[in-house]
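Where a number appears in this text, it was derived from the coordinates with a stated rule and is not lab data. Predicted model only: the values in this text are computed from it and were never measured. Reconstructed Cβ throughout: ideal geometry from the backbone, glycine too, with neighbour counts over all protein chains shown.
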C-alpha cells in the first residue's frame with residue numbers, strides 16, 4: 001500500500017505539473033524588477049499578480065528572485081497588475097493591455113506602517129493572538145518544539161496541558177475535541193495520544209484554542225476544541241522547507257513541506273519520517289486490608305494485611321511515516337476545488353518488563369513473578385479529502401462543501417513470557433472507517449452582519465477483534481481463551497444542522513447560534529451475543545458577546561452547551577490484559593454527559609504588556625469518572641491467589657467546575673520577550689456508585705507555565721520554559737505536583753534561509769505522575785514516567801521562503817470565524 005501511495009503521488013505530481021505548465025499559442029513573457037523605494041534594495045519573494053479583466057478568466061503571476069527580478073509566462077489580454085510584499089503598501093496598475101513580451105521596468109514599493117507593526121510582532125516571536133471566541137498560538141516561533149512532535153507543541157500552548165500519559169487537557173478538562181484544519185482527521189488516528197506523539201511539529205502552522213465554540217463546531221468536547229492548522233503556502237512558484245533532526249534518547253527524523261503554484265493550480269505536499277526510542281517506567285505498591293484467599297480463591301476476612309509491589313519498565317521504539325499530498329485548482333476567480341490524500345504508517349515496538357512481588361504483613365517476600373510482554377504494533381491510515389469553495393460577488397458571501405473518507409487499521413501482537421515460559425499470546429486488531437460530509441453557507445447582511453447555515457454528518461464504524469490464547473501445559477499448544485477472547489463492533493452515526501447570526505453595533509459585537517445534533521450508537525458483541533442501541537438528540541445554543549472599552553481593551557461573555565460522548569474504548573465491556581492484577585474494563589451502559597458553560601473574559605494591552613484573563617463556570621450532568629474497585633476475583637500467580645483490581649468508567653450525578661486563568665505577556669525589547677500562563681480550577685462532584693460507594697468530592701488544582709525568550713550575542717535565540725502542575729485530589733486519588741523544564745537555543749544561518757536548533761526536554765528528568773489511591777479494601781501508591789529526559793538537534797533549510805514570511809491560508813480552518 002505504501003509503494004502504491006508513493007507512486008500515485010509521484011505520477012499525479014508530474015502529470016498535474018505538466019498540465020499546469022502547458023504553454024498557450026498566445027503566451028507572452030512578463031518581466032520586471034521590484035525595489036524598496038527608500039533603500040533602493042531588491043525585494044526578494046515579492047509577488048506579482050495578474051488578474052484578468054475578462055470575467056471568468058484565470059489569474060496568474062510570479063515571485064521575485066534575490067535580485068528583485070521576476071519573469072513568468074502569461075496569455076495575452078487585459079489585466080489588472082498588483083505588486084505585493086509583506087510590510088509594504090500594495091501597488092496596483094489598472095487595465096494594462098499585454099499583447100507581446102513586456103518588461104514592466106522597475107516598480108518601487110513603500111513601507112506600510114500599519115502592516116510593519118504586524119510583521120514586527122511576528123519577527124519578535126509573539127506567539128498568541130486573541131479573537132472573539134478563540135486564541136491563536138503560532139507554533140513556528142517556539143524553539144522548544146523544533147524536532148519534536150505535535151504532542152510537544154500542544155504542551156506549550158497557553159491553557160493546554162499534556163500529562164505524562166499523553167492525555168490532552170484544556171483548562172484541566174481532558175474532554176477536548178482535536179480537529180485538523182477544522183475537521184476530524186486521520187492525522188489523529190485511532191489512538192489520538194499515540195498519533196500526536198509521532199507527527200512532526202514542523203508540519204503545524206498554528207493551534208487555535210477554542211474555549212467557547214460557536215455553533216459551526218461539533219458539540220462534542222466539554223473542555224473545548226483544539227484546532228490544529230497545517231502549513232500551506234500561497235506563494236507563487238516553488239517554495240518549501242526541509243527539517244532533519246537527531247537526538248537522545250536515540251531519535252532521528254526528517255520532514256519537509258513543498259508547495260508549487262503556477263497560474264490556477266497549487267500543488268502541495270508534506271512528508272515526514274521519524275524514529276524515536278521512548279524509555280519509561282512505572283511502579284505500584286498495593287496494600288490489601290485484612291484480606292487473604294484459600295486455595296479455592298475464597299476470601300478469608302480479619303487476617304493481617306498483605307502487600308503487592310508491581311514495577312514495570314518500558315522500552316518503546318516508535319517509527320512513523322506520514323505524507324499529505326494535494327492539488328488545489330482555482331476554477332475561476334471565485335471558485336476553487338481542493339483534493340488531497342493523506343497516508344500514515346506507524347511501526348511501533350514495546351518491550352514491557354513487569355515484576356510482581358507479594359509480601360506478608362511483616363513485608364517478608366512470599367513470591368515473585370516476572371512477566372515479559374514484547375508487543376509489535378502496526379498502524380496504517382489513509383484518508384481522501386475533497387473541498388469545494390465558492391465565493392460570490394459580495395465579500396464574505398460563500399458556499400463550501402467537504403467530503404472526507406478515512407480507513408484506519410491498528411494491529412497489536414505480543415507473546416507474554418512469565419518466569420521464563422511463553423505462556424500467553426495476545427492479538428488485537430482494530431479497524432475503523434469514517435466518512436465526513438459537511439456544507440456551510442455564509443451570507444453577509446449589510447456591512448456588519450452575517451448569517452450562516454450548515455450541515456455536518458459523521459459516520460464511524462469500528463471493529464475490535466481481541467484474541468487471547470493461553471499455553472496448554474499438557475499439549476504445549478496455545479488454546480484460545482473463551483473468557484478473554486472477544487469481538488466488539490461499534491457504530492456511531494452523527495447528523496447535525498446549525499444556524500448562527502452575528503453582527504456589530506458600535507463597539508458591541510455578538511454571535512448567536514443554535515445547533516441540532518442526533519447521535520445513533522450501536523454496540524454489537526458477537527462473542528457474548530449482546531446487542532444494544534442508543535439514540536439521543538440535543539439542542540446546543542451558543543452565545544458569544546464582546547464589547548470594546550477602547551482600542552486596546554475589551555470584555556467578552558460567552559455561553560455554550562456541550563456534551564461528552566463515551567468513546568468506544570469506554571464502552572467495550574471486555575477486560576484489558578496489560579496487567580493481571582490491574583485491569584481496565586469498559587461500561588456498555590455509559591451515557592453521554594451534558595454541560596452548560598459560561599465564560600467571562602477581559603483583554604488589555606498597555607505599554608509593553610498584554611493581559612488576557614477569564615473566569616469560567618460549567619455545570620455537567622451524568623458525568624462519567626474512572627473508578628477503581630476490588631473486582632472480587634483472583635488471579636493465580638506462582639500458586640498464590642492474588643486479588644484483581646478493576647478500573648472503569650461510570651456515570652455520576654453532577655459536577656460543578658469553576659476556574660480562573662490569565663496570560664500575561666511582556667515585550668521588554670526586541671531581544672527579550674517573556675510570557676506566563678496561570679490556570680486555577682475547582683471541581684465539586686456528587687455521586688454514588690451502584691455498590692453504594694460515595695464518590696462525592698471537592699478538589700482544587702492549578703498549573704502555571706512561564707516562557708522566557710532572549711536573543712543572545714551572535715544572534716542566538718534562547719528559550720527557557722518552566723511548567724508546574726499543582727497537586728490534585730478526587731474521591732479516590734491524590735496526585736502530587738509535577739515540575740518540568742525545557743531549554744532551547746536556535747541560530748539562523750545563510751541569510752535566514754536556514755536554522756539550527758538544540759533543545760532539551762524535561763531538563764531535570766522530573767516529569768512524573770506520583771499518585772495514591774484509597775478505597776475501603778485496598779490502598780495503592782504509584783509512580784509513572786512516560787518519557788525520560790531527551791536531547792534534540794535539528795536543522796531546517798528553506799527555499800523560496802523566509803523565516804518570518806509564512807503566509808496564512810484563507811479558509812484553511814474550514815471557514816473564517818466571525819470575529820465582530
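How far apart, in nanometres, would the label points at residue 626 and residue 51 be if each is projected 7 angstrom from Cα along the Cα-to-Cβ direction?
With each label placed 7 Å out from Cα toward Cβ, I get 5.4 nm.
Run the numbers for residue 82 and residue 635: contour at 0.36 nm per residue of separation, minus the present Cα-Cα distance, in nm. It would help to have the intermediate numbers written out before the result.
Working: separation 553, 0.36 × 553 = 199.08 nm, distance 7.61 nm.
So the extension gain works out to 191.5 nm.
Which of the three applies to segment 603-646, rounded, prolate or oblate, going by the alpha-carbon gyration tensor with a ≥ b ≥ c and a/c under 1.5 meaning rounded? Could the numbers behind the result be given before it?
Numbers: a/c = 13.39, a/b = 3.09, b/c = 4.34.
Oblate, since a/c reaches 1.5 and b/c is not below a/b.
Using only the Cα atoms of segment 522-579, build the gyration tensor, take square roots of its eigenvalues as a ≥ b ≥ c, and label the shape rounded, prolate or oblate: rounded if a/c is under 1.5, else prolate if a/b is larger than b/c, else oblate.
Values: a/c = 9.33, a/b = 2.73, b/c = 3.42.
Oblate, since a/c reaches 1.5 and b/c is not below a/b.
Return the FRET efficiency for the residue pair residue 26, residue 459: r is the Cβ-Cβ distance, R0 is 45 Å, and the value is rounded to the nearest 0.05. Kindly include the intermediate steps, with their values, before the conclusion.
On the way: r = 48 Å, r/R0 = 1.07.
With a Förster radius of 45 Å, E is 0.40.
Sort 698-704, 786-792, 774-780 by the packing proxy (mean of other Cβ within 10 Å over each peptide's residues), most packed first.
Packing order, densest peptide first, comes out as 786-792, 698-704, 774-780.
Quick check: pseudo-label points 7 Å beyond the Cα along Cα→Cβ at residue 528 and residue 39, how many nm apart are they?
Between residue 528 and residue 39, the label points sit 7.1 nm apart.
Rounded to the nearest 0.05, what FRET efficiency is calculated for residue 570 and residue 775 with R0 set to 22 Å and r the Cβ-Cβ distance?
Working: r = 21 Å, r/R0 = 0.94.
Taking R0 as 22 Å, the efficiency between residue 570 and residue 775 is 0.60.
How far apart, in nm, are two points set 7 Å out from the Cα along the Cα-to-Cβ line at residue 357 and at residue 766?
That separation, rounded to one decimal, is 2.8 nm.
Rounded, prolate or oblate, given the Cα gyration tensor of segment 256-797, with a/c below 1.5 counting as rounded? Please list the in-between numbers first.
On the way: a/c = 1.58, a/b = 1.52, b/c = 1.04.
Prolate is the answer for segment 256-797, as a/c is 1.5 or above and a/b outweighs b/c.
For 749, 722, what's the fewest-to-most ordering of other Cβ within 10 Å of each Cβ? Working shown, then result.
On the way: 749 13, 722 16.
Ranking 749, 722 by Cβ neighbours within 10 Å, fewest first, gives 749, 722.
What length, rounded to one decimal in nm, is gained on full extension from residue 439 through to residue 749, with 0.36 nm per residue of separation minus their alpha-carbon distance?
Full extension of this stretch gives 107.1 nm more.
Order the peptides 238-246, 98-106 from the highest to the lowest mean number of other Cβ atoms within 10 Å of their residues.
Values: 238-246: 19.9, 98-106: 12.3.
Order by mean packing, descending: 238-246, 98-106.
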